[in-house]
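Some notes on the structure that comes next.
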């Protein structure tokens with residue numbers, strides 16, 4: 001066993017998890033959106049999405065990073081699907097009413113969790129991260145210490161989930177004094193951001209075609 005290598009990989013996972021957790025992106029926007037529209041539980045369920053979206057990608061990236069990274073058609077399909085999904089979520093933000101804070105929305109957390117997973121699975125940046133950074137990094141250390149990539153992946157997932165959950169909690173606490181009008185404006189802001197990401201994904205798809 002090599003404790004130094006294990007600790008180093010765990011530290012790298014934590015640092016990257018914090019960065020990815022606070023970095024503006026579709027999933028973070030979705031966390032804010034679900035927290036505003038469905039309360040803290042909905043936001044926390046959305047924040048937990050990387051467990052089921054990144055988890056399988058970690059395994060795949062470990063064994064197939066070279067193939068995916070060079071297969072443009074796979075990234076093109078993911079990018080186009082992501083653009084369409086984010087466009088729909090963005091438009092929905094303009095139609096949503098402010099939630100009744102006295103009555104929790106029934107069944108919403110499960111739907112929020114599904115939307116969070118879908119958002120992450122259709123984000124090409126997640127695939128790029130794991131297949132170009134995470135996968136090769138884990139593959140480079142597995143021969144020296146088999147626990148090193150495991151601790152890296154576990155620490156990354158735990159940190160990114162806790163970071164986004166903390167943001168959901170902050171948004172929820174701040175929302176207690178927000179008026180319905182302000183709620184709708186904030187949701188509209190989320191909609192604009194999501195439409196912006198959708199446009200960026202569309203542009204990225206066009207680059208993959210050239």
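Brief remarks follow.
- Among the residues making up region 71-124, those that are modelled with pLDDT of 75 or more, buried (at least 18 other Cβ atoms within 10 Å of the Cβ) and part of a loop (DSSP other than H, G, I, E, B) are 122, 123.
- Consider region 171-188 and keep the residues that are in a helix (DSSP H, G or I) and either in contact with a helix residue (DSSP H, G or I) (Cβ under 8 Å, 6 or more places away or on another chain) or at pLDDT 90 or above (or both). The one that is surrounded by the fewest Cβ atoms within 10 Å (Cβ to Cβ) is 188.
- Of note, residue 152 does not satisfy the criterion of being crowded, with 16+ Cβ neighbours inside 10 Å, touching a helix residue (DSSP H, G or I) at 6+ places or on another chain (Cβ under 7 Å) and modelled with pLDDT under 85.
- Only one of 165, 205 that is modelled with pLDDT of 80 or more and within 18 Å of the chain's Cα centre (by Cα): 165
The values are calculated or read from the model by the stated rules, or taken from the named source; none is laboratory data. The structure displayed is predicted, hence computed values, not measured ones. Glycine gets a Cβ as well: all are built from the backbone with ideal geometry, and neighbour counts include every protein chain shown.
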